[in-house]
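Notes follow the structure.
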Amino acid sequence: MKKQWSKKYKKCLKCKTTENKHYAFGMCNICYGRNRWKTKPDYRENIKRLSYEWREKHPERWKVIQSKAIKKYMEKKKVTE
Ligand SMILES: [Zn+2]
């Protein structure tokens with residue numbers, strides 16, 4: 001008998017493939033990650049909070065990242081205008 005993708009599921013419930021490893025609740029690691037992102041706003045909040053904390057801890061590095069992002073944005077704007 002061929003080995004099944006997971007104990008309970010033959011393939012991922014979301015993407016219907018067995019390409020990625022089973023992660024949880026019948027979903028592969030990719031779909032589970034996506035699903036979590038969509039369905040759990042607290043997860044998103046957590047990311048927001050973590051990035052905020054990181055900014056607080058590394059203000060200099062954050063400034064560099066931000067100025068790069070602004071520069072990129074301005075360059076893009078110049079092109080589209
Ligand atoms: Zn999947």
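Throughout, read-outs are computed from the coordinates displayed, never taken from laboratory work. Here the structure is a predicted model, which means the values were calculated and not measured.
List of remarks:
- Helix 59-80 vs. the chain, principal-axis angle (Cα, 0 to 90°, nearest 10): 90 degrees
- Ratio of Rg to Rh for the stretch 41-80: 1.17 [Cα atoms; Kirkwood radius as inverse mean 1/r over pairs].
- When the convex hull of its Cα atoms is viewed from all sides, the chain shows a mean projected area of 8.9 nm².
- In the chain, the longest principal axis of the Cα atoms and the axis of helix 29-39 are about 60 degrees apart.
- Cα-based helix-to-principal-axis angle, 41-57 vs the chain, degrees rounded to 10: 40 degrees
- Contact order normalised by residue count of the chain, Cα under 8 Å, 6+ apart, percent: 13 percent
- Computed [θ] at 222 nm, helices only, for the chain once each DSSP H run of length n ≥ 4 contributes -39500 (n - 2.57): -20500 deg cm²/dmol
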